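The values are calculated or read from the model by the stated rules, or taken from the named source; none is laboratory data. What you are looking at is a predicted structure, and each value in this text was computed from that prediction instead of being measured. Neighbour counts run over all protein chains shown; Cβ positions are idealised from the backbone, glycine included.
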Amino acid sequence: MDFISGFTTISSFLIACILAIGLQLSFFSPISPDMLEFPAISSSLVLSNSKLQDAEKLGEGLLVKPEDVTIDEMGVLYTATRDGWIKRLHKNGSWENWQWINSDQLLGITTAAAGGIIVCDCEKGLLWFTEDGVTNLASHVNGVKIRFADDVIEASDGSVYFSVASTKFGFHDWYLDLMEAKPHGQLLRYDPALNETSVLLGDLYFANGVALSPNQDYLIVCETWKFRCLKYWLTEEKRGVKEVFIDNLPGGPDNINLAPDGTFWIALLELVPSRLQYLHGSKLLKKLLATFPRSMIQVHGVYEKAMVANVGSDGKIIKILDDPTGKTMSFVTSALEFEGHLYLGSLNSDFIGKLPL
Ligand SMILES: [Ca+2]
Ligand SMILES: [Ca+2]
């Protein structure tokens, strides 16, 4: 009798556990995932050269996770850090705490023709910082609050193009958007003449870096979870046409910047270590993992290495620079070329990397 009642107790316990896990997965998982497909990468691209390990550390200890970098025509470098500061580096090598806002979510930045810089804030939308303070250029689109604005570029006609990485998840939950692998991203345009913001493209897989072509006939927007960047045409004849600019990138593209020679620099994220790729093939496993946020850190590999790609205007990779072990830098999110050097932003460093080219 004792044996039977013990067996019944264990069975009941196991059934309760299975039911609890089932309920957890069905009702409480924060994501409703799709499979994430990984591109076939040509083996020549995965050869490591460790070049990013030679980067010099600018402002080490002063900068909390500087995601993006921009340099104005006077050669002053700006970056936005997790403590809400817009900091700038003068030509004489001195750092200045220039402007502050109560936000730990300032991402992409660009210089503005009218002076100052335009900054993406994941909570407030699009901000314009000048010597006089800050102006909120765009906080809503189609009556909906803009969240997770990610990268921005200003065209010569005054239009400001910017990306929204995810309309579902916030900056601190970006990895949930990765696990869900659904297209919650957008490309937006702010029109300063009308003071209006409109959606140019929806259904993007984590819309991230935004750049303009040298003669501004098209825009590039990168889709991180698709390992690709798209062209969005701006000319009269082709306005609104969407094409693939580059795909099968050897990492998830983050910010993109036009280089002086008309090529582009794209920062690439190590989204998933190869040993964990199988996780993205199981919706059930993804649902389970997403209920334990701390375990997610093991699933993506952005803290393990850094990689940037130089890509021609024909969408072909020219060269790749990397730090395969994260010795000097990991989680590099932006690469900007200026006067023969590459300036590198990162969400896992306390400095800007500077590399002679
Ligand atoms: Ca930028
Ligand atoms: Ca970004």
Subject >> Qualifying residues in segment 233-261 (those that are within 14 Å of GLY185 (Cβ to Cβ) and more than 16 Å from ligand 1 (Cβ to nearest atom)) - the one nearest to the chain's Cα centre (by Cα) >> reply: GLY252
**OP:** Could you identify the single residue in VAL164, VAL144 that is aliphatic (A, V, I, L, M) and more than 16 Å from ligand 2 (Cβ to nearest atom)?
**Re:** VAL144
Original post:
Residues of segment 310-322 being in contact (Cβ under 8 Å) with a residue 40 or more places away in the chain and within 15 Å of PRO356 (Cα to Cα), which ones?
Top reply: ASN310, ILE320, LEU321, ASP322
**OP:** Sort through GLY281, GLY345, GLY252 and tell me the only one that's crowded, with 24+ Cβ neighbours inside 10 Å and closer than 18 Å to PRO33 by Cβ.
**Re:** GLY252
Subject >> Single match in LEU47, LEU19 (criterion: within 20 Å of ALA267 (Cβ to Cβ) and at pLDDT below 95) >> reply: LEU47
Subject >> Tally of residues being part of a loop (DSSP other than H, G, I, E, B) and either among the polar types (S, T, N, Q) or closer than 21 Å to HIS140 by Cβ (or both) across segment 166-182 >> reply: 5
Original post:
For ALA309, are the conditions met, namely being surrounded by fewer than 22 Cβ atoms within 10 Å (Cβ to Cβ) and at negative phi?
Top reply: no
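A quick yes/no check of all residues on (1) crowded, with 16+ Cβ neighbours inside 10 Å; (2) touching a residue at least 60 places away in the same chain (Cβ under 8 Å); (3) touching a helix residue (DSSP H, G or I) at 6+ places or on another chain (Cβ under 9 Å):
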{"site": "SER48", "(1), (2), (3)": "no, yes, no"}
{"site": "GLN53", "(1), (2), (3)": "yes, yes, no"}
{"site": "LEU62", "(1), (2), (3)": "yes, yes, no"}
{"site": "PRO66", "(1), (2), (3)": "yes, yes, no"}
{"site": "TYR78", "(1), (2), (3)": "yes, no, no"}
{"site": "ARG88", "(1), (2), (3)": "yes, no, no"}
Original post:
Is it the case that ASP261 is surrounded by fewer than 15 Cβ atoms within 10 Å (Cβ to Cβ) and farther than 16 Å from GLY312 by Cα?
Top reply: no
**OP:** Please work out if GLU223 is under 14 Å from the mean Cα position of the chain (by Cα), of a type in the set (D, E, K, R) and buried (at least 21 other Cβ atoms within 10 Å of the Cβ).
**Re:** yes
**OP:** Name every residue in segment 50-82 that is of a type in the set (D, E, K, R) and either within 18 Å of the chain's Cα centre (by Cα) or at pLDDT 95 or above (or both), in order of residue number.
**Re:** LYS51, ASP54, GLU56, LYS57, GLU60, LYS65, GLU67, ASP68, ASP72, ARG82
**OP:** Can you run down the residue pairs with Cβ atoms below 6 Å, 6 or more apart or on separate chains, where the first is in segment 243-263 and without any contact (Cβ under 8 Å) to a residue 24 or more places away in the chain and over 18 Å from PHE227 (Cβ atoms) and the partner is away from ligand 2 (no atom under 16 Å from the Cβ) and hydrophobic (A, V, I, L, M, F, W, C)?
**Re:** none
Original post:
Within segment 91-101, can you find the residues that are within 17 Å of ASP68 (Cα to Cα) and either surrounded by fewer than 12 Cβ atoms within 10 Å (Cβ to Cβ) or touching a residue at least 12 places away in the same chain (Cβ under 8 Å) (or both)?
Top reply: TRP95, ASN97, TRP98, GLN99, TRP100, ILE101
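Quick grid of which residues meet (1) out of contact with any Gly (no Cβ under 8 Å at 6 or more places or on another chain); (2) at positive phi; (3) part of a strand (DSSP E or B):
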position: ALA193; (1), (2), (3): no, no, no
position: GLN216; (1), (2), (3): yes, yes, no
position: GLY240; (1), (2), (3): yes, yes, no
position: ASN255; (1), (2), (3): no, no, yes
position: PRO260; (1), (2), (3): yes, no, no
Subject >> Near pairs, Cβ below 7 angstrom, 6+ apart or cross-chain, from segment 273-289 (touching a residue at least 24 places away in the same chain (Cβ under 8 Å)) to any residue that is assigned to a loop (DSSP other than H, G, I, E, B) and of a type in the set (D, E, K, R) >> reply: PRO273/GLU304
**OP:** Go over the candidates PHE206, PHE245, PHE162, PHE171 one by one and state the one that is at pLDDT below 95 and surrounded by 19 or more Cβ atoms within 10 Å (Cβ to Cβ).
**Re:** PHE171
**OP:** Could you pull out the residue among SER334, SER330, SER349 that is within 16 Å of ligand 2 (Cβ to nearest atom), within 19 Å of SER213 (Cα to Cα) and in contact (Cβ under 8 Å) with a residue 24 or more places away in the chain?
**Re:** SER334
